[in-house]
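For reference, the structure discussed in these notes is given below.
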Amino acid sequence: MPIQRLMLHHIVFLNVGAKLGDKQDRTCDSFTGLDSRTTIPGFAERFYAAGEERIEMELPQGYGYKNATADNWVMTYMLMNHRAETDRAYIQYTVTYDDAPDLTPVDPYWLDVRDCWADPVYDVPGGGRPGSLDVQTKSWKPPVSGRIVAGGGHVHGGGEELRLSQPGCGDRTLQRSKPKWGLASHPFYRVRPVLHEPGPIGMTRWTTQQGFRVAAGEEVKLSSIYDAELPHTRVMGITIVYFAPDATAGAQPCAPLPTDVRTSRTKAPGRLATPVVTVPLTGLDERGRAVQISRPPGRTERAGRRASVRVRDLDFSKPNLSVARGARISWDFRGPSLHDVTLASGPRGFSSHHYDRGRYTKALDTPGTYRLFCSLHPVSMTQRIVVRR
């Protein structure tokens, strides 16, 4: 199905077990919900996910993800309708199943630099020198000794790579997951509206039968690396690794790295250099079609060092603002639905969590034009703020 019609932004598969409570997520006891305050128990095991890059879950020969006959899988996904009419689609997936008794079982571990959030995003503010990098890290310590035998990652626009390393061994690199970006003509860069910079069409995934040997309690570090010159909002840094418990794996500290690592990535035409993309504001034309706009309708209100904006259902109370440099803008969320404020384009990147009530305040210290939107309602909720010098 073409994404100009419906777009599958991401999908996550979870194993609940035979009944709720049989399984537990291996890195999160609980999650913070989309409303930024509700706590959700981690009563399911995340074992596979894909974003716009459609990464495959692939294990080396001789390994498998163990399932019991009565296990139940749950699917959580984000779909976006690019037309103003009701539509329907089916999600199709293919599973290769093997009941050989001698398969070595693996445990899935979800490594995420913003783990345990239902919306695990963060912002790269930008403003760095050309070639500079923004690096966010997350450490994981396996509860038992074992071997990492497969993995793959997920980034958004502006991402350079995901790096898995061993700090206790001179921070040596275990594996890198690198993006491949679509050509400039790819639909990712043409469809409207968009919720963030388009993601890659492929990420490096890797397998090894020998495995990367890690001792129980030994630190493994995930580094999410993005371009730091330009702003990038609501980005992610996620890697899923498949870990085979093995009591002998921790016997030799900093054991030699495996020699049989196999990497793969989509063969579709694309670019390896991270493209520069400006996220547009989107509105509706007279025929109800999504089109790029430079600013939302309405007059521009002038303010000084402080300004307050009410965030109502499908509406920013002050869609066009002009403020002094260093002004503190407060967005007051009041309504039954969740909303946020997210930079589409401008001098510095920022975004809020999703709120149905509460306040988000941001000081705008860099002059320029900030084009903003609600990432949950990108067509109907837009705002422009000009910061005067």
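One table, with the values for the structure above:
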item: Single residue of the range 126-155 satisfying the filter (in a strand (DSSP E or B) and basic (Lys, Arg)) that is surrounded by the most Cβ atoms within 10 Å (Cβ to Cβ); result: ARG147
item: Residue tally, condition assigned to a loop (DSSP other than H, G, I, E, B) and farther than 20 Å from THR32 by Cβ, over the range 331-361; result: 4
item: When residues of the range 219-230 are limited to those that are part of a loop (DSSP other than H, G, I, E, B) and touching a Ser or Thr at 6+ places or on another chain (Cβ under 8 Å), the one nearest to LEU59 (Cα to Cα); result: GLU219
item: Identity of the residue in the range 164-222, under 23 Å from the mean Cα position of the chain (by Cα) and among the basic types (Lys, Arg), that ends up nearest to MET80 (Cα to Cα); result: ARG192
item: Given (1) exposed (fewer than 11 other Cβ atoms within 10 Å of the Cβ); (2) assigned by TED's automatic domain parsing to the domain that holds GLY131, index of the condition ARG265 fails; result: (1)
item: The range 356-382 - residue that is at pLDDT 95 or above and charged (D, E, K, R) and, of those, nearest to ALA344 (Cα to Cα); result: ARG371
item: Identity of the residue in the range 70-92, surrounded by 13 or more Cβ atoms within 10 Å (Cβ to Cβ) and assigned to a loop (DSSP other than H, G, I, E, B), that ends up modelled with the lowest pLDDT; result: HIS82
item: Complete set of residues in the range 175-201 that are under 30 Å from GLN61 (Cβ atoms) and surrounded by fewer than 22 Cβ atoms within 10 Å (Cβ to Cβ); result: ARG176, LYS178, LYS180, ILE201
item: When residues of the range 350-389 are limited to those that are under 23 Å from ILE293 (Cβ atoms), over 24 Å from the mean Cα position of the chain (by Cα) and among the aliphatic types (A, V, I, L, M), the one surrounded by the fewest Cβ atoms within 10 Å (Cβ to Cβ); result: VAL386
item: Strands (runs of 3 or more DSSP E) wholly inside the range 1-47 that include at least 2 residues being under 21 Å from the mean Cα position of the chain (by Cα) and among the hydrophobic types (A, V, I, L, M, F, W, C); result: 6-17
item: Residue match in the range 282-297 (condition: in contact (Cβ under 8 Å) with a residue 40 or more places away in the chain, buried (at least 21 other Cβ atoms within 10 Å of the Cβ) and assigned to a loop (DSSP other than H, G, I, E, B)); result: no
item: Residues of the range 96-138 satisfying the condition of being charged (D, E, K, R) and closer than 24 Å to GLN24 by Cα; result: ASP98, ASP99, ASP107, ASP112, ARG114, ASP115, ASP119, LYS138
item: Matching option when the condition is crowded, with 17+ Cβ neighbours inside 10 Å, over 18 Å from VAL241 (Cα atoms), within 16 Å of the chain's Cα centre (by Cα) and at pLDDT 95 or above, among ASP123, ASP112; result: ASP123
item: Residue match in the range 48-69 (condition: at pLDDT 95 or above, under 16 Å from the mean Cα position of the chain (by Cα) and part of a strand (DSSP E or B)); result: yes
item: Selection within the range 156-174 - outside any strand (DSSP E or B) and either surrounded by fewer than 18 Cβ atoms within 10 Å (Cβ to Cβ) or at pLDDT below 95 (or both); result: PRO167, GLY168, CYS169, GLY170, ASP171
item: Condition broken by THR274, with the remaining ones in (1) among the polar types (S, T, N, Q); (2) in a strand (DSSP E or B); (3) more than 21 Å from SER380 (Cβ to Cβ) satisfied; result: (2)
item: Residue satisfying all of: in the range 3-49; hydroxyl-bearing (Ser, Thr, Tyr) and in contact (Cβ under 8 Å) with a residue 24 or more places away in the chain; surrounded by the most Cβ atoms within 10 Å (Cβ to Cβ) among these; result: TYR48
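Conditions tested, residue by residue: (1) within 20 Å of VAL279 (Cα to Cα); (2) modelled with pLDDT under 95; (3) part of a helix (DSSP H, G or I).
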residue	(1), (2), (3)
ARG176	no, no, no
LYS180	yes, no, no
ARG192	yes, yes, no
HIS196	yes, yes, no
GLN209	no, no, no
PHE212	no, no, no
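The values are calculated or read from the model by the stated rules, or taken from the named source; none is laboratory data. These figures come from a predicted structure and were not determined experimentally. Counting neighbours? That spans all protein chains shown, and the Cβs are built from the backbone with ideal geometry, glycine included.
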